[in-house]
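Below you'll find the structure, written out as structure tokens, and then a few comments.
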Amino acid sequence: MDRQNYLFTIRCKKHERGSDAVVGQSTEEYVSFLEGKGFSFGDDAIGFIYFGKRYTEASDTLVNVAIELTLKVQKKFDGSFYISFLENLKHNGIETHKAAVSFAKEQGLLK
């Protein structure tokens, strides 16, 4: 695990209780927050993020959760995984951070 992903994992564990507040920001604010923490999103990643949001008609909160869990599971931003995961969250009526984490665990994506 590289330093950037290690620090992200530590921050996520440190802020588990505050995750709903962080992912409750607008998607633009959340991406800026992650960039401020050292993550770099190229134009293609930003394109995937907003395409997925429009395609699924997902809320900012759900999009932000999908971004967070994509980074946790894939250890980097993977646009195809993100869109597929966001579609699954939306299809299964997942709306909160806690429900999304539970869903990811049920699917074997997280321990």
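The values are calculated or read from the model by the stated rules, or taken from the named source; none is laboratory data. This is a predicted model, so every value here is computed, not measured. Cβ: placed from backbone, ideal geometry, glycine included. Neighbour counts: every protein chain shown. Areas reflect the complete protein model, heavy atoms only, side chains present, ligands, DNA and RNA absent. Shrake-Rupley method; radii C 1.70, N 1.55, O 1.52, S 1.80 Å.
Quick look at the numbers
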read-out	value
Within-14-Å neighbourhood charge of K90 [Cβ basis; K, R +1; D, E -1]	-2
For region 48-110: rounded, prolate or oblate by the Cα gyration tensor [a/c cutoff 1.5]	oblate
Nearest-10 value in Å² for the accessible area of K53, using the 1.4 Å probe	50 Å²
Accessible-area order (highest first, 1.4 angstrom probe) of the listed residues D44, D60	D44, D60
Rounded to whole Hz, the Karplus (6.51, -1.76, 1.60) HN-Hα couplings of region 49-66, x for glycine and proline	4, 6, 4, x, 4, 5, 4, 8, 6, 7, 6, 4, 4, 5, 4, 5, 5, 4
Full-extension gain in nm, T96 to F51, via 0.36 nm per residue minus C-alpha separation	14.1 nm
Where H91, H97 fall by accessible area, highest first, once all protein chains stay in place (1.4 Å)	H91, H97
